[in-house]
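Have a look at the structure below, then the notes.
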Amino acid sequence: MFIRVDAPARHAHAQQLLWYAAPLAALLYPLPLMGFHALITSPPASGGYVHTFAAGLLLLLAFLVPVLALVLAMHLSMIENPSPAQRHARRIALLAVAAPPMFVFGGAVFFMLGIAPLLAWVFPALWIALAITIAFSDKAPSTQVVTPHPASLRIAHGVLALLVLLVFLAAHIANHFFGLIGVTAYTTVMKLLRHIYRTPVVEPLLLAGFFSLIISGFYMAWKFTAQSTDRFRTFQMASGIYLMFFLISHIDAVLILARRFLGIDSDWAFATGAPAGLIHDAFNIYLVPYYWFAVFFVLSHLASGARAVMLAHGSQKSHADGVHIFGMALSALAATLILLGMTGLRIYWI
Ligand code: HEM
């Protein structure tokens, strides 16, 4: 007996499978990095090139997880009048973009609680649980009412982001470029900047600014994911969600893990996981995609903001899109240079 499945039904089925692809990719995120660590800490049996190539491929695979989740979120976000399950799947795909900071945050918290090995179970369990909630979403009645959020919130979010950029972020990111010159150059600039951002007035204001950005950004993303959005808006939301988790994880690492729990300075050695470094340590390797996407997303999130402002002021869509794409390319370059500096590349002026 043959069961005939017609083409539209097959298509609908394939589309449904896509709902689960992002949580599945996030669930698997630690595996290529574990493989990378196993490879680079074992001597090559024969051809060293094959060994290095395989390690490089595994690292690339880990980088592809947030990219795949982003592409899926873009696809799911373009569905008009989404069902509850489709809406839920697009939100979980956006969440999966943030798999690197979620894992690092979990690692730091579990380490402080003395239960670090549990992360290997809790992290996949979280994604399995999220995937199951997608499966059951269409069984619940749709309760989402799409109400636009006030334009003043978008403006306030943008102005606050600009303020944080001017007071701290531009200098903080620029500081990381000094790693390419050397540790002394990085440390000199960091100590100089601390006179500003570590003062009793600026530091609490800065942290309040970041938390306000997180809360307002989350609220807007929640509203936007209820309706269909274009790829650029989805990128803006995905980068924002990544930054949300990155900031929570990063502030926890600097203020709680380093300063309070370990009682060490959050200096170059802390950031680069010395003495093992970022590449040769089983946990530090997770910091490579984590930092790369942080720099990439924070800069390209600003490019998304610039595009929105250009469109609101009557710029041609092609110009605004061009600025966004150019901003993304520059962000990728900046992230790569910073990571190369953190992993040992040095520029010498002769
Ligand atoms: C390669 C990427 C990054 C690295 C390696 C890094 C590293 C660090 C380090 C070492 C500190 C401690 C500084 C000190 O003790 O003076 C710090 C502080 C901080 N970073 Fe980053 N950072 C990165 C990217 C970012 C990004 C993209 C953001 C924002 C989205 C950010 C936000 C912050 C904040 C809010 C603090 C706390 C400042 C304070 O009050 O002391 N960082 N970061």
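Every number in this text was worked out from the coordinates using simple rules, so none of it is lab data. No experiment lies behind these values; they were computed from the predicted model shown. Cβ atoms come from the backbone with ideal geometry, glycine included; neighbour counts cover every protein chain shown.
Give segment 173-182 a look and list any residue that's in a helix (DSSP H, G or I) and buried (at least 16 other Cβ atoms within 10 Å of the Cβ), or say none.
I173, N175, H176, F177, F178, G179, L180
Quick check on my filter: what residues within segment 306-350 are of a type in the set (S, T, Y), over 18 Å from D230 (Cα atoms) and more than 16 Å from the ligand (Cβ to nearest atom)?
Y348 - this is the single residue of segment 306-350 that is of a type in the set (S, T, Y), over 18 Å from D230 (Cα atoms) and more than 16 Å from the ligand (Cβ to nearest atom).
Any idea which of L94, L59, L33 is assigned to a helix (DSSP H, G or I) and either over 15 Å from F283 (Cα atoms) or free of Cβ contacts under 8 Å to residues at least 24 places away in the same chain (or both)?
Values: L59 fails: either over 15 Å from F283 (Cα atoms) or free of Cβ contacts under 8 Å to residues at least 24 places away in the same chain (or both); L33 fails: either over 15 Å from F283 (Cα atoms) or free of Cβ contacts under 8 Å to residues at least 24 places away in the same chain (or both).
L94 is the lone residue from the list that is assigned to a helix (DSSP H, G or I) and either over 15 Å from F283 (Cα atoms) or free of Cβ contacts under 8 Å to residues at least 24 places away in the same chain (or both).
Please determine whether any residue of segment 221-235 is farther than 17 Å from A303 by Cβ, of a type in the set (A, V, I, L, M) and in contact with a Lys or Arg (Cβ under 7 Å, 6 or more places away or on another chain).
Within segment 221-235, one or more residues are farther than 17 Å from A303 by Cβ, of a type in the set (A, V, I, L, M) and in contact with a Lys or Arg (Cβ under 7 Å, 6 or more places away or on another chain).
So which residues in segment 241-264 are of a type in the set (A, V, I, L, M, F, W, C), under 21 Å from the mean Cα position of the chain (by Cα) and within 10 Å of the ligand (Cβ to nearest atom), if there are any at all? Steps first, please.
Kept after step one, since they are of a type in the set (A, V, I, L, M, F, W, C), are these residues of segment 241-264: 241, 243-248, 251, 253-258, 261-262, 264.
If we keep only those that are under 21 Å from the mean Cα position of the chain (by Cα) too, we end up with 241, 243-248, 251, 253-257.
If the condition is that a residue be of a type in the set (A, V, I, L, M, F, W, C), under 21 Å from the mean Cα position of the chain (by Cα) and within 10 Å of the ligand (Cβ to nearest atom), then L243, M244, F246, L247, I251, A253, V254, L255 are the ones that fit.
Looking at segment 190-292, what helices (runs of 4 or more DSSP H) fall wholly within it and have at least 2 residues that are surrounded by fewer than 15 Cβ atoms within 10 Å (Cβ to Cβ)?
Details: elements: 202-224, 231-251, 268-271.
Of the helices (runs of 4 or more DSSP H) lying wholly inside segment 190-292, those with at least 2 residues that are surrounded by fewer than 15 Cβ atoms within 10 Å (Cβ to Cβ) span 202-224.
Do the conditions hold for L68, that is, is it out of contact with any His (no Cβ under 7 Å at 6 or more places or on another chain), farther than 23 Å from A294 by Cβ and surrounded by 17 or more Cβ atoms within 10 Å (Cβ to Cβ)?
Answer is no for this residue.
Can you confirm whether F103 is within 17 Å of the chain's Cα centre (by Cα) and of a type outside the set (A, V, I, L, M)?
Answer is yes for this residue.
Mind checking which residues of segment 265-287 are within 25 Å of L94 (Cβ to Cβ) and within 10 Å of the ligand (Cβ to nearest atom)?
Within segment 265-287, L287 is the sole residue that qualifies.
Is one or more of the residues making up segment 250-270 touching a residue at least 40 places away in the same chain (Cβ under 8 Å) and either in contact with a strand residue (DSSP E or B) (Cβ under 6 Å, 6 or more places away or on another chain) or among the hydroxyl-bearing types (S, T, Y) (or both)?
No, segment 250-270 has no match at all.
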